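See structure below.
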Amino acid sequence: MSRTTMKAESSKQAKKPKSAVGAPSQLSQNARKGKKAWRKNIDIDNVEEGLETIRSEERVLGTALHNQPDKDLFTVDVTGDEGARRRLPRFSKAQLTSTKILSQRSAVPAVISRVTKKPPVSYKQKGKLLQIARRARRGPFKAIIDPTEFGAGSALIDVSEAVKKSGKYDIWEEDIEMLDIKAPSTSHPRSVIELPAISTPHQGASYNPPADAHQVLLRTAHEMEEEETKGADEGRDVHERMMQARQLGEVTPEGLPPGMILHGVEEEEEEETATPLVKPIPTRKTKQQRRKAQRAFEEKRAAAEKSVKRKLLASVFTAKSMRKTLEQSAASKEKQRDEKRRILREKLKRGVAGQRFGKHTVQRAKIDVQLGEDLTDSLRGLKPEGNLFRDRFLSMQNRALIEPRVPVMPKKRLNRYKEVEKHAWKNFEKET
C-alpha cells in the first residue's frame, strides 16, 4: 500500500464526527452527487435533540409538557409569604439615589465671599515695607506708582474705597447698615391725598336743586369754561404769531436773520458809501509810557488790597452782628420753606388735578350741571348726564393712582384710494 492511500484513509477516519444523540453521521462527505448520498449527509442534530427531550419528559411525567393542563404546571399564590416583608430592609433616605449623589462631596473647598483668614500684611504696611526696601510699587498695567503723587496721572491713582473695604462684609447678609446705604426720603403724592374714591356731587347737581346751590354751581362751571377758552385763545394767538414770523422770514432781505426787518437800511448804506470809516493805526508805546502804565496798575492793585484789608478789619468788630443776621436769615428761609411745604401738602390733599406729570397734565373733573330750562320736576323726565367711565378714570388720575393719559385719535389716511376700472367690467358694458 502506498503512502498516499494510507494518508487518505486516515483523513477519512479523522473527519467522521460523532452525533450528539449517538447515531452515525457522514456529514463530512465532500461529494453529494446522486440522490442516494443526500439522505446520508443531512444534518438533523437539532431534530434529534428535540425528540430526545420529549422522550425524557414522557419517561418522567408520562406525557410531554405541552400536553399537560395549566393547573398541573402553575399555581396562583394568593396569600404570599408573610415573612418576606420582615426580611426586606426598611425604607431609608440614605438608600435614595438623589441622597447618594448629594452626599458625594468634592475634595476642592467651596468658594465663599467671607474672608477665612486675615492677610498677614495690610496694604499700608506693604507700602511702608516697599518704601523702606526702596522698591517701587506696581499699579495697573504694571506701572510704577509714586506714593507722593497719587492722582497726578492716569496710572497714579489710589485704590477705590470698594477695594479697601473688600472682604470686610458679606453682601448677602440681611443687616446692611455697614454698607452706608440710605433709602430715598421722597414720598409718593398718593400717600398725602385724602380724596375719596367716589366724591359726593354738589347739591346743585340734583334733578330738583335749591336755587342758591344751582346758581353757585352754574357760576363755578362758567369760570372753569372761561379759563379753558382763555388758554385756548392764548395758544391760538401764539400759533398765529409763529406763522406770521415764519412768513416774514421767507421775505427777509439778504444778510439779515429770518424775521428781522430794518427801516432805513438804504439811507445808512448811502451814508457809509459817502464817508467810509478809517480805523486809526495803533502806535507802539515808548518805554516811558509802559513804565507809567505799570505804575498806575500797581497803585490801583495796592489800593484795592488796602480797601479789602480795611473791610476785613471792620468786619472783625461786626462778626457777632453778622452771625445774628445770618442765623435770622437762615431761620426765615427755613420758615418760608416749611410754609411752602405746608401749602403744597394742603394742596396735595385735594388731589393733583391741574398739575403736569410727564408729558400730560392731569385734567380737572368736568362739572355736569343743567340749565334752568332743562330741569325737570320728576324723575320720569330726567335725562342722564356725564359719563361714569370718564369720572372713574379722572378720579384715579387725580388720586395719583395712574399716570395722566389723553385719548389717541386715529390719524387720517395720507394716501388716497385709487379707483381702477377693470377691463372685464368695460367689456361687460360693451356687450350689454
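We did not get these values from a lab; they are worked out from the coordinates using the rules stated. Everything numeric here is computed off the predicted structure, so don't read it as measured data.
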**Message:** Can you give me the Rg/Rh ratio for the range 55-131, using Cα atoms for both radii and the Kirkwood formula for Rh?
**Reply:** 1.66
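Taking a 19 Å limit on the Cα-Cα distance, which of the listed pairs Lys124/Lys165; Lys128/Lys164; Lys230/Lys340; Lys285/Lys306; Lys126/Lys164 fall beyond it?
Working: Lys124/Lys165 13 Å; Lys128/Lys164 16 Å; Lys230/Lys340 28 Å; Lys285/Lys306 30 Å; Lys126/Lys164 14 Å.
Flagged as over cut-off: Lys230/Lys340; Lys285/Lys306.
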**Prompt:** By how many nm would the segment from Ala107 to Phe389 lengthen if fully extended, with 0.36 nm per residue of separation less the alpha-carbon distance?
**Reply:** 94.8 nm
**Request:** Provide Rg and Dmax in Å for the range 264-418, with only Cα atoms included in the calculation.
**Result:** 36.9, 108
**Request:** Mind listing the long-range amide H neighbours of Arg137? Cut-off is under 5 Å, sequence gap 5 or more, other chains count too, H placed in the peptide plane at 1.01 Å from N.
**Result:** Ile145
**Asked** Per the Kirkwood treatment, what hydrodynamic radius in Å, one decimal, follows for the range 328-432 from the mean inverse distance over all distinct Cα pairs?
**Response** 20.5 Å
